Amino acid sequence: MKQFSLIRWFRNVSIARKLYFTVGIMAALIAVELAVLTFSINTLSSVRAYVGGEGLWSKAQKDAIYNLKKYVHTHDERYYDEYVKFMKVPLGDHSALVEMEKADPDKQVMWSGLIKGRNHPEDVDGMIKLFRRFNNISYLRDAIAAWKTADSLASKLTPIAEDISREIKSGTPSQPKLNDMWAQVEPIVASVTAYEDMFSYKLGEGSRWLENLILKLLFAVALTVELTGLALAIVVSRSIQKGLNEILQSAKAFAKGDFTRKAQIFSKDEIGILANNFNTMANELERSIQDMEHAQQKFRSLLESAPDAMVIIGQDNLIQLVNKQCENIFGYTKTELLGKKPAILFPEKYRNAATAEFFTELKKGKADALELICCRKSGESFPVEISMRPIDTEDGVLLSIAIRDISEKKRLENAILEANTTLEKKVTQRTSELKSKNRELEQFAYVASHDLQEPLRTTSSFLALLRKQYHGKLDEKADKYIDYITQASDRMKTLIMDLLDYSRLGREKELVKVDCNVMINEVMADLQNVIRENQAAIEVGPLPVVNAYPTELKLLFQNLISNSIKFKKAGISPVINISAAQYHGSWQFTVNDNGIGIEKQYQEKIFIIFQRLHNRSEYDGSGIGLAHCKKIVEMHRGHIWVDSELAQGSSFHFTIFEN
């Protein structure tokens with residue numbers, strides 16, 4: 001297995017990675033330097049905190065002794081209370097000291113003790129870490145020993161102070177006895193003061209030692225950062241410069257035509273890859289020259305085999321190359337065309353206009369399916385389709401022109417045009433005939449309905465006279481027969497009028513803007529008696545403004561609303577909802593009711609003229625209303641349908657295009 005070499009890896013890695021590696025090393029070293037600096041500042045801050053804490057401890061101890069002395073002489077309990085208050089500081093530090101010396105200390109106890117010692121909360125963590133981490137350093141070890149001795153001496157004051165307090169509170173205190181007790185305090189205070197001085201001295205020595213150590217560490221790290229950065233910069237710079245110089249020398253030889261001079265590869269980075277690609281390019285160049293010659297030969301072969309006449313024009317606007325098909329179409333030989341202007345291909349009488357259009361497109365450098373008239377050598381003119389494309393070559397931009405003889409295409413186009421003209425004439429003639437037939441049908445419907453009404457009116461008149469004179473005078477059957485004939489006559493009259501109205505729908509109408517909200521209000525006003533009699537409730541949502549035939553659209557809404565009221569359930573008031581929604585360029589209207597409903601098998605039949613689903617004894621009408629609706633919707637290029645179930649009500653939908 002090949003042994004890993006950091007130097008070889010660094011030489012072969014990419015330049016980007018070299019830079020990333022360099023920056024990464026520098027960043028890591030700077031991070032170490034910052035970590036050392038942060039550690040140094042925190043450690044020195046902790047030493048400072050201990051010095052401050054010692055001052056607080058000393059001051060509190062002295063204030064406690066002072067108040068104890070005042071208590072001995074004055075017997076005032078306030079001074080004893082002050083003594084107890086000030087002694088909380090040494091006692092708090094004592095509890096923290098005892099806990100910190102344990103193998104597995106309670107952090108909360110240490111924290112609470114140092115806080116009671118009036119140390120700043122932000123210094124407490126640092127003081128604990130300094131004690132735990134560096135208690136084996138001689139300076140700190142000696143300082144801690146002095147602190148422990150002073151702390152043990154200070155703890156002896158507590159029982160003496162308690163004895164003094166008991167003596168004073170006894171009611172008959174003995175001053176000589178109190179003086180003897182106080183005499184025990186003074187040597188303890190003197191000893192404590194000596195150990196306080198030792199504690200401060202040792203901390204100062206430790207602080208100066210730590211400061212020198214930190215300065216040395218920071219200097220060493222900074223020097224390492226500088227030297228490492230300089231070394232890496234030199235290595236990367238020389239690596240890049242060496243490779244680029246080798247490529248430069250090879251490029252100079254390449255420029256002089258010497259393709260044998262290869263660039264030496266020193267690494268596998270981008271410079272090495274560039275040198276390798278440079279060498280590959282030198283090897284490929286010679287093959288490219290050979291390939292170019294082959295390509296030129298292939299181009300000539302393709303040119304000769306093209307189905308269209310091909311003409312190549314140079315920058316001097318002279319013909320440089322033509323193919324065999326060009327000779328076949330125009331009748332010229334290659335010798336006759338080469339070196340000539342393209343105008344030779346156009347007929348004399350069209351030459352000026354044709355060549356002007358040709359050269360206008362020629363200046364654009366590109367054209368597709370340009371139709372012109374060309375001329376054969378024999379003088380025969382014929383239509384052509386020309387396409388032009390620029391060709392980039394070493395000699396400049398050439399123009400490739402493909403010329404296709406479209407004589408047969410033009411012949412077919414003329415034949416199609418003639419056929420289309422004939423067809424248009426036939427369509428126009430047929431349309432005129434249809435319009436004439438429609439007018440005749442409308443006239444026939446009017447005349448037929450008029451002629452049918454005339455004998456019907458006569459019959460109705462005589463029936464009215466017969467009923468007036470003989471009603472009640474004949475037997476009961478005769479009266480019933482007269483009633484049947486009268487009803488049949490009335491139905492016949494209604495059918496004829498409905499049929500006439502159906503034939504007139506949409507005749508000579510114009511589309512106008514119709515506000516459907518206004519129109520529904522008009523329909524409801526027209527039907528107000530029917531609505532009131534049937535106690536119908538009609539709810540109308542927001543409706544659009546549409547292009548429509550107003551009379552027919554009003555009839556459409558009127559028929560749908562009338563049907564919803566007519567075909568109601570027995571004993572139930574009609575409830576009708578009218579709404580509209582926009583779908584894909586059209587408006588879909590919905591008229592929903594709670595009526596008797598329609599079976600699915602009859603939902604298409606109801607739109608056929610004169611189709612009824614119920615007896616006249618149940619529901620009156622001619623059966624033409626929904627046929628009217630269907631014709632009106634189809635006049636608007638829309639569609640009408642119904643969704644319904646028997647006894648579940650009906651929803652009639654129809655569409656009208658927005659435009």
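Results, tabulated for the structure shown:
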| read-out | value |
| --- | --- |
| Qualifying positions in region 345-356 - touching a strand residue (DSSP E or B) at 6+ places or on another chain (Cβ under 8 Å), part of a helix (DSSP H, G or I) and either at pLDDT 75 or above or open to solvent by 60 Å² or more (accessible area, probe 1.4 Å) (or both) | L345 |
| Residue, farthest from the chain's Cα centre (by Cα), within region 112-157, restricted to residues that are under 23 Å from F86 (Cα atoms) and among the acidic types (D, E) | D151 |
| Residue check for E196: among the charged types (D, E, K, R) and open to solvent by less than 60 Å² (accessible area, probe 1.4 Å) | yes |
| Any hit, region 234-247, residues being more than 49 Å from the chain's Cα centre (by Cα) and modelled with pLDDT of 70 or more | yes |
| Residues (in contact (Cβ under 8 Å) with a residue 40 or more places away in the chain and of a type outside the set (S, T, Y)) located in region 148-164 | K148, A150, D151, L153, A154, L157, A161, I164 |
| Contacts under 6 angstrom Cβ, first residue in region 324-336 being at pLDDT 80 or above, partner small (G, A, S) and open to solvent by less than 60 Å² (accessible area, probe 1.4 Å), 6 or more apart | Q325/A309; C326/A309; I329/A309 |
| Total residues in region 312-340, condition closer than 21 Å to P390 by Cα and over 59 Å from the mean Cα position of the chain (by Cα) | 4 |
| Some residue of region 185-192 being open to solvent by 60 Å² or more (accessible area, probe 1.4 Å), over 60 Å from the mean Cα position of the chain (by Cα) and within 14 Å of W147 (Cα to Cα) | no |
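Yes/no matrix, rows are residues, columns are (1) among the acidic types (D, E); (2) part of a helix (DSSP H, G or I); (3) open to solvent by less than 80 Å² (accessible area, probe 1.4 Å):
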| site | (1), (2), (3) |
| --- | --- |
| D180 | yes, yes, no |
| S200 | no, yes, yes |
| L203 | no, yes, yes |
| W209 | no, yes, no |
| N212 | no, yes, no |
| L215 | no, yes, no |
| L227 | no, yes, no |
| S237 | no, yes, yes |
| Q241 | no, yes, no |
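The values are calculated or read from the model by the stated rules, or taken from the named source; none is laboratory data. Since the structure is predicted, the reported quantities are computational estimates derived from the model, not experimental observations. Note: ideal-geometry Cβ built from the backbone for every residue, glycine included; neighbour counts use all protein chains shown. Just the protein is used for accessible areas: all its heavy atoms, side chains included, with ligands, DNA and RNA removed. Shrake-Rupley method; radii C 1.70, N 1.55, O 1.52, S 1.80 Å.
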